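The values are calculated or read from the model by the stated rules, or taken from the named source; none is laboratory data. Note that the structure is a prediction, hence the values are computed from the model and not measured. Don't worry about glycine lacking a Cβ; one is built from the backbone with ideal geometry, like all the others, and counts go over all protein chains shown.
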Amino acid sequence: MALWRAHPIRFAALLGAIFGFLDTLIVEIDGVLHHNRSAVVPLFMPTPGGARLGAMHTASILLIEVAVNILVWAFLFALFAAIVFGLYRLARGLLRR
């Protein structure tokens, strides 16, 4: 709770990063369970008649997917928190005058 009060935008970014990681994890697990191409992990597995990507290529795609997902979610949460708290501080400053 102290982090929320001291640095609300950083806390929102941290929360967004956690949601971004969980979103990536859910998409990857869902892709493995349902054998669809919405995830990167099934690219490791050979397909009948289909091309299989190399391990380094698939791992780099997975790393990029995870990193971008974390960054985008963190940015969106932080942006929303910055707008809300900016408007709050603006309104609080106007009401004190």
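Residue 76 fails exactly one of the following numbered conditions: (1) modelled with pLDDT of 95 or more; (2) farther than 17 Å from residue 15 by Cβ. What is the number of that condition?
(2)
Look through segment 20-56, keep the residues that are exposed (fewer than 12 other Cβ atoms within 10 Å of the Cβ) and part of a helix (DSSP H, G or I), and return whichever of them is modelled with the lowest pLDDT.
55
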